[in-house]
1. Hey, TYR314 hits all of (1) within 11 Å of ligand 1 (Cβ to nearest atom); (2) over 20 Å from HIS241 (Cβ atoms); (3) touching a residue at least 60 places away in the same chain (Cβ under 8 Å) but one; which does it fall short on?
2. Which of the residues belonging to region 268-278 are touching a strand residue (DSSP E or B) at 6+ places or on another chain (Cβ under 9 Å) and among the charged types (D, E, K, R)?
3. Can you say whether GLU368 is surrounded by fewer than 17 Cβ atoms within 10 Å (Cβ to Cβ), in contact with a strand residue (DSSP E or B) (Cβ under 6 Å, 6 or more places away or on another chain) and of a type in the set (Asp, Glu), as far as the supplied structure shows?
4. What is the one condition in (1) charged (D, E, K, R); (2) assigned to a helix (DSSP H, G or I); (3) within 16 Å of ligand 2 (Cβ to nearest atom); (4) crowded, with 18+ Cβ neighbours inside 10 Å that ARG253 does not satisfy?
5. Within the bounds of region 287-308, is there any residue that is aliphatic (A, V, I, L, M), surrounded by 15 or more Cβ atoms within 10 Å (Cβ to Cβ) and outside any helix (DSSP H, G or I)?
6. Sort out which residues of region 144-166 are surrounded by fewer than 18 Cβ atoms within 10 Å (Cβ to Cβ) and among the small types (Gly, Ala, Ser), and write them in order of number.
7. Mind counting the residues in region 7-65 that are in contact (Cβ under 8 Å) with a residue 40 or more places away in the chain, assigned to a helix (DSSP H, G or I) and closer than 27 Å to THR322 by Cα?
8. Within region 256-270, count every residue that is within 14 Å of LEU302 (Cβ to Cβ) and either in a helix (DSSP H, G or I) or among the basic types (Lys, Arg) (or both).
Amino acid sequence: MNKNDSDVIQEILIEENYLPAERIEESDIVLVNTCSVRNHAEQRALGYISTLKKWREKKGKALGVVGCMAKRLAGEIISKYPFVDFILGPDSYRKIPRYLGSIIQGQTKIIDTEVGNELYTGICRKSKKVSDFVSITRGCNNFCSYCIVPFVRGGLRSRPVEDILKEVNELVSSGVKDITLLGQNVNEYHYQGVDFPKLLEIVARETGIFRLRFLTSHPKDFDEEIIRVIKENKNICEWFHLPLQSGSDRILRLMNRKYSKADYLIKIEKIKKNIPDATITTDIIVGFPTETEDEFNETIELIKSIEFDDAYMYRYSYRPGTKAGEYPSLPEDVIKERLKILIEIQSQIIKKKTEQMIGRTYEVLFEEKAENGTRGKTRGNKDVIVTQKLRIGSVYKVLITGVRGRTPIGEIV
Ligand code: SAH
Ligand code: SF4
């Protein structure tokens, strides 16, 4: 979402004749786009902003901090980093050219962090990439108790169907082959009677996109209609990212996730039964406040039984202002240890799953040069490397012959 926002900002600036700089030393304006989802991301952004002080002291420079952390910590940033010129939340990017105009005329300390309505309708990005993202919703209404997103990005709103189609069509005609439809919970998309399965079907059928995916599905809303649409449209990839978060019903309730372990398992079974080759990935949070050893072990047992193809695993991060922020946190060393155990177990599962790919053939879309070869992706979003130097954007059937590190390697067949 954050990368996609940076692309939106770039498009807004390019339309106003600003040019992208290759390196900081060559640039007159730097915008730092920030994420608030975990404390670690914020600390890294703040650390990076401090390194820009020297650059900002040169003549004719302007420094902006934008995005979710800018929205959350505007006051703190302006007082601790007085060399920052402007601070904008995630809904204020259309105004960047206007604010830059004011800064050129000598104004500094502009703060604009209102959020709630912006969809960036009409801004259709151009792209030189093989795979790209298209945002279909902004914001979120779910208020999972640990999550800062609804506070910093505002409530859910859905982008008009025509606007999504226009952007996908433009990306397709500029050579993009793999598009991920993006939303905090794509399943809540709703625009003038078009729900998410319908939108997915329209984009798959009316745009000529080679591969279509979506991210993220909230397990509470994921339903069989999506499985049907995927089965009936060959260009929709059979990759499901369904963040589980925890394997304990009590923790899921405290997280305000609105599904139980049993509900989740039923959905996974439906996917596996209907699409045996499906790739299923997830997000897990360990060390949520009050999580007991037994409850953590329930998560471990569940990930062992489901065998996710991949997982983003996080230690719980306290986010001020959220409901979970009011609960007593677990000691840091307990949280760290649980994350270590989880990562170890999930790594073994990934290793096993990757080894199972050996001897099988996959359709691979090649996306970038790799050391001694070319790197591509399967429909299931798995990286694959071949030793040949292939054209970026080409598609081949690849027989997997081995594993290098965590990445399957193969030969074109
Ligand atoms: N909208 C998506 C996720 C957005 S944030 C969804 O509902 O799945 C991406 C992931 O970051 C979440 O799935 C969660 O696992 C993690 N995350 C969010 N807030 C967190 C917090 N306070 N501490 C640790 N992980 C968090
Ligand atoms: Fe955060 Fe939950 Fe919304 Fe995802 S669905 S963005 S985790 S509040």
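1. Result: TYR314 fails condition (2) only.
2. Narrowing region 268-278 to residues touching a strand residue (DSSP E or B) at 6+ places or on another chain (Cβ under 9 Å): 268, 271-272, 275, 278.
Selection gives LYS272 alone.
3. Working: surrounded by fewer than 17 Cβ atoms within 10 Å (Cβ to Cβ): yes; in contact with a strand residue (DSSP E or B) (Cβ under 6 Å, 6 or more places away or on another chain): yes; of a type in the set (Asp, Glu): yes.
Taking the combined requirement at face value, the residue satisfies it.
4. Evaluating ARG253 over (1) charged (D, E, K, R); (2) assigned to a helix (DSSP H, G or I); (3) within 16 Å of ligand 2 (Cβ to nearest atom); (4) crowded, with 18+ Cβ neighbours inside 10 Å leaves (4) as the failure.
5. Step one: of region 287-308, the residues aliphatic (A, V, I, L, M) are 300, 302-303, 306.
With surrounded by 15 or more Cβ atoms within 10 Å (Cβ to Cβ) added as a condition, the list becomes 300, 302-303, 306.
Filter again for outside any helix (DSSP H, G or I), leaving none.
No; the residues of region 287-308 include none that is aliphatic (A, V, I, L, M), surrounded by 15 or more Cβ atoms within 10 Å (Cβ to Cβ) and outside any helix (DSSP H, G or I).
6. Listed by number, the list holds a single entry, GLY155.
7. Count: 2.
8. Going through region 256-270, the residues within 14 Å of LEU302 (Cβ to Cβ) turn out to be 257, 259-269.
When the remaining residues are screened for being either in a helix (DSSP H, G or I) or among the basic types (Lys, Arg) (or both), the result is 257, 261-269.
Matching residues across region 256-270 total 10.
The values are calculated or read from the model by the stated rules, or taken from the named source; none is laboratory data. Owing to the predicted nature of the structure, the values given are computational and were not obtained by experimental measurement. Note that each Cβ is placed from the backbone with ideal geometry, even for glycine, and that neighbours are counted across all protein chains shown.
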